[in-house]
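Participant: Sending over a structure as structure tokens; questions will come in a sec.
The values are calculated or read from the model by the stated rules, or taken from the named source; none is laboratory data. Keep in mind it's a predicted model, so treat the numbers as computed, not measured. Here the Cβ positions follow ideal geometry from the backbone for every residue, glycine too, while neighbour counts run over all protein chains shown. The protein model used for the area step is the full one, side chains on, heavy atoms only, and it has no ligands, DNA or RNA in it. Shrake-Rupley method; radii C 1.70, N 1.55, O 1.52, S 1.80 Å.
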Number of protein chains: 2
Amino acid sequence: LSASTPSTFTAAALRELVGADGVLVGAEEMAPFLLDHRHLYRGRAQAVVRPRDVEAVSRVLRYCHEHRIGVVPQGGNTSYCGGATPDESGRQIVLALARLDRIRNVDADNFSLVAEAGCILARVQEAAAEADRFFPLSLGAEGTCQIGGNLATNAGGLNVVRYGMTRELVLGVEAVLADGSIYDGLKSLRKDNTGYDLKSLLIGSEGTLGIITAASLKLWPQVRAHATAFIALTDVAHVVALLELLRAHGGDRISSFELLPRVAVELTVRHIPGVTDPLDAAHPWYVLCELTAARADEPLADLMQGALEKAMERGWVADAALAANERQRAAFWRLRESVPEAQRMAGPSLKHDIAVPVASLPGFIVEAAALVAQLLPDGVLVCYGHAGDGSLHFNVNRIDGTGVTAFQEREPVLRRAIHDLVTRFHGSISAEHGIGQLKREELARYASPVGLVAMRAIKQALDPRGILNPGKVL
Amino acid sequence: LSASTPSTFTAAALRELVGADGVLVGAEEMAPFLLDHRHLYRGRAQAVVRPRDVEAVSRVLRYCHEHRIGVVPQGGNTSYCGGATPDESGRQIVLALARLDRIRNVDADNFSLVAEAGCILARVQEAAAEADRFFPLSLGAEGTCQIGGNLATNAGGLNVVRYGMTRELVLGVEAVLADGSIYDGLKSLRKDNTGYDLKSLLIGSEGTLGIITAASLKLWPQVRAHATAFIALTDVAHVVALLELLRAHGGDRISSFELLPRVAVELTVRHIPGVTDPLDAAHPWYVLCELTAARADEPLADLMQGALEKAMERGWVADAALAANERQRAAFWRLRESVPEAQRMAGPSLKHDIAVPVASLPGFIVEAAALVAQLLPDGVLVCYGHAGDGSLHFNVNRIDGTGVTAFQEREPVLRRAIHDLVTRFHGSISAEHGIGQLKREELARYASPVGLVAMRAIKQALDPRGILNPGKVL
């Protein structure tokens, strides 16, 4: 098989395995599967294969293993790192999981549900809510992304400060390994010390160690009370102390703690219809904080107010607005959630998805901002994100539309400087978006060399023919 | 080297690597390291090696790798499964981590601390408390067990229902791999998606994939309020509904939810000085439930009382005592925590460390009790434990001291029946104690065959010479 002649033999064989309607080979029908969400990568493929159940996934993997065909799993195709896009050889196939879309089971008493990989995240949230339960994973793409992809990339999002990353929300997985064998690890147990943690290994491996086909997910009591505040800091240095104070006041009730710079307010007010500044005056930094509880009668607003008054006395907080109703709460969140869209409308941007220890956030921001001012004086820093986890979208925007090419040419220099700084702060060069193909070289540069050796050994052990999402992560 | 002639060459070489006082070879000084906590296994060893730092551990591993000497890591030697005891060949060495006992760093603002493997668990708890923080791992052996062993076995304990197993309490690890290379994964980040989750893989691998030498641990706000109740159920069937009601009332504040049968009260009252029955009348089943909060002024007692009143109205709860002060709270916990000791004093017992989905607990208990009555009619079922996690110490005691041998001879038959039943309930044959050498054959029998193949491939990849804790887990 040469790269330029997609095999009709393969397509025919795949149709045998998954049914005729499960194999796409036409250029037009394949196109949406071959372009990544950020339009950074356009790949080619022999076929897009859409199995309906785990047995069909198993048959496809067995076939591809035998014929050494690379398999690129794809969920909602919302990767920020090109993690679900095939290479340009035309030799690989895309394995789209969208048709594995059943909620197999909701067990309210056990606070768990079993969803297949292709379930849209929002659908999983709904299935939990229908059983009066709460599934906390929440992120911008939740109406499009699929739970299998969320697991494959160990997605983060807005509620990590309280509930943890995806890995911490999963009780068990079902996955198909490279040779087509089906690993049935779909237990719904809170305690299970029977051997190595294959579940955690598969989660976050971006489809390079196995294809997750279903997961048993942890549920929580339904959330019935919110207190949501839009808080202006006097100085970004106080973000750590504010978080600590809110934790002391609110106990474990902080479910979101998001940092926003002034420019994020300006951009969203300018570009997103209906967004207004929640506060009267301008302030350099803001925190959007939400407390939640399972009891409708918890005095969350009092807790929030008490903490904010203390923070004002101490000079950390300049002003704050507490959402008085669901409409105001939605407005605060709309501002926060439309920052990426406002950025896009303002112009191209250089993005970094980084994390540092929470206590180091202010120091990191000051030093990193100085680097931007020095290396890209015509860039506008839009640094925001999940401060409660030490995670930042450290983006630099070109606002006025001029000099775009020169701006983008500085990307490698800025990236190197930022990632070097992250490393000096004992941070992460990929907080929540993963590695994919975008950061493969960065990983090779910044990861622990011993860790890399171990990762490669594991990859070799579980996928000796290298057919699982080739060219991703390692 | 033959099994009967421990090598003086090895001992001399090891002394070079860790210092003269770090190598024990005398029979008497080695004896405590060669006998397991339950006195089920007595091994032999060339030497007991006690390095003081990670570099010395690395040198020892490199040496043992080169000379193909089996290395058995040992922390507080409190394994219930013979996981830290060498075999009888006399060829292996014991690697005692006790001297790696520094708290390297406590970062209150980041809610994290870094402890070396040999730190006693209680010392880690204290270090957190000194910084006004809380480290939630808590179990019977906390005054003896070491945090490295807790990680190696993914320890569970009393607070899992709220905080999760050990794996969920860890931000990063430092470990020495089979060839002596040092994996520096000691990050203190809440979000880090840079490659495979080596941390979770090493945690719970019982020293068979690497030797954990230090860990970065998550801390929580210090606990300042408790409400502790000793609750009599009308029927074990109501335990699930009671847990659900308490979750709805108490939100995420349930930190312990322990099930006890009547016989546990009787045994502790009889055998443990000072233990009294907290309630006036006898009841078939009890729950010891504790709510905790970070704010001293949280109305936890009101929450508990409200939930219990509702549970009584519904007929689930017959009676309950709410601890009025710290002394009463300690008395409830003393009863719970001395069940294993009371069992020991009552006579030999057959132990099973199992878990099922929480909602299946009552059904499992009824069926399993019927099996015991049928297979061991002279046994007394002492089934208790962490019901909030679906985890049970399913033990059968021989009370009157007669027929002990016959009783123990039935062990394999009972074990098979219980583990078969656990499997039918989609449960775990090792909820929190791990596999060690005790359950290796059970794991081979009950684990997913595909999972076992994957585990063996990973073991082979990371420890190709098989020197790390040989004969454990796989």
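Participant: Name the residue that is nearest to the other protein chains (Cβ to nearest Cβ), counting only residues in segment A:441-465 that are under 22 Å from A:G90 (Cα atoms) and surrounded by fewer than 18 Cβ atoms within 10 Å (Cβ to Cβ).
Facilitator: Selected residue: A:P464.
Participant: Ok, one more. Assuming B:L303 fulfils every condition listed in (1) assigned to a helix (DSSP H, G or I); (2) at pLDDT 95 or above; (3) within 14 Å of another protein chain (Cβ to nearest Cβ) apart from one, which condition is it?
Facilitator: (2)
Participant: Kindly evaluate A:D319 against the criterion of being at pLDDT 95 or above, part of a loop (DSSP other than H, G, I, E, B) and acidic (D, E).
Facilitator: The answer is no for A:D319.
Participant: Right, something else. As an exercise: evaluate B:A431 against (1) within 14 Å of another protein chain (Cβ to nearest Cβ); (2) open to solvent by 10 Å² or more (accessible area, probe 1.4 Å) and give the number of the one condition it does not meet.
Facilitator: (2)
Participant: Something else about it: How many residues does segment A:155-174 contain that are in contact (Cβ under 8 Å) with a residue 40 or more places away in the chain and in a loop (DSSP other than H, G, I, E, B)?
Facilitator: Residues that pass the stated criteria total 6.
Participant: Another one. Which condition number does A:L219 fail, the rest of (1) within 28 Å of A:R99 (Cβ to Cβ); (2) more than 7 Å from chain B (Cβ to nearest Cβ); (3) open to solvent by 10 Å² or more (accessible area, probe 1.4 Å) being met?
Facilitator: (3)
Participant: Still on this structure, I have one more. Can you report the number of residues in segment B:149-189 which are over 23 Å from the mean Cα position of the chain (by Cα), more than 7 Å from every other protein chain (Cβ to nearest Cβ) and of a type in the set (G, A, S)?
Facilitator: Residues in segment B:149-189 being over 23 Å from the mean Cα position of the chain (by Cα), more than 7 Å from every other protein chain (Cβ to nearest Cβ) and of a type in the set (G, A, S): 2 in total.
Participant: With the requirement that a residue be surrounded by fewer than 20 Cβ atoms within 10 Å (Cβ to Cβ) and either assigned to a strand (DSSP E or B) or not acidic (D, E) (or both), what does segment B:31-53 give you?
Facilitator: Listed by number, the residues that qualify are B:A31, B:P32, B:L35, B:H37, B:R38, B:H39, B:L40, B:R42, B:R44, B:R52.
Participant: Residues of segment A:280-335 being of a type outside the set (A, V, I, L, M, F, W, C), surrounded by 13 or more Cβ atoms within 10 Å (Cβ to Cβ) and closer than 28 Å to A:V382 by Cα, which ones?
Facilitator: Answer for segment A:280-335, where residues must be of a type outside the set (A, V, I, L, M, F, W, C), surrounded by 13 or more Cβ atoms within 10 Å (Cβ to Cβ) and closer than 28 Å to A:V382 by Cα: A:H283, A:P284, A:Y286, A:E290, A:T292, A:R314, A:D319, A:Q328, A:R329, A:R334.
Participant: So, one more: Of these, B:L474, B:L468, which one is more than 7 Å from chain A (Cβ to nearest Cβ), touching a helix residue (DSSP H, G or I) at 6+ places or on another chain (Cβ under 7 Å) and closer than 24 Å to B:Y63 by Cα?
Facilitator: Only one candidate qualifies: B:L474.
Participant: Looking at (1) out of contact with any Cys (no Cβ under 8 Å at 6 or more places or on another chain); (2) assigned to a helix (DSSP H, G or I); (3) modelled with pLDDT of 95 or more, which is the one condition that is false for A:L279?
Facilitator: Answer for A:L279: the failing condition is (2).
Participant: Would you be able to tell me the number of residues in segment B:110-154 that are closer than 30 Å to B:A342 by Cβ, open to solvent by 10 Å² or more (accessible area, probe 1.4 Å) and either free of Cβ contacts under 8 Å to residues at least 60 places away in the same chain or not in a helix (DSSP H, G or I) (or both)?
Facilitator: Residues that pass the stated criteria total 15.
Participant: Here is a follow-up. What number of residues in segment A:347-402 are surrounded by fewer than 20 Cβ atoms within 10 Å (Cβ to Cβ) and among the aromatic types (F, W, Y)?
Facilitator: Summing the residues that are surrounded by fewer than 20 Cβ atoms within 10 Å (Cβ to Cβ) and among the aromatic types (F, W, Y) in segment A:347-402 gives 0.
Participant: Residues that are more than 20 Å from B:I211 (Cβ to Cβ), free of Cβ contacts under 8 Å to residues at least 12 places away in the same chain and not in a loop (DSSP other than H, G, I, E, B): does segment B:99-109 have at least one?
Facilitator: Yes: segment B:99-109 contains one or more residues that are more than 20 Å from B:I211 (Cβ to Cβ), free of Cβ contacts under 8 Å to residues at least 12 places away in the same chain and not in a loop (DSSP other than H, G, I, E, B).
Participant: Quick check, is B:D87 open to solvent by 30 Å² or more (accessible area, probe 1.4 Å), within 25 Å of A:S360 (Cβ to Cβ), in contact (Cβ under 8 Å) with a residue 12 or more places away in the chain and not aliphatic (A, V, I, L, M)?
Facilitator: Judged against the criteria, B:D87 is not a match.
Participant: Related question: Report, by residue number, each residue of segment B:329-370 that is farther than 22 Å from B:R410 by Cβ and either of a type in the set (S, T, N, Q) or within 14 Å of another protein chain (Cβ to nearest Cβ) (or both).
Facilitator: Across segment B:329-370, the qualifying residues are B:S338, B:A355, B:V356, B:P357, B:V358, B:A359, B:S360, B:L361, B:P362, B:G363.
Participant: Still on this structure, please answer the following. Among the listed residues A:E411, A:E441, identify the single one that is out of contact with any helix residue (DSSP H, G or I) (no Cβ under 9 Å at 6 or more places or on another chain), closer than 27 Å to A:G157 by Cβ and free of Cβ contacts under 8 Å to residues at least 40 places away in the same chain.
Facilitator: None of the others qualify; the one that does is A:E441.
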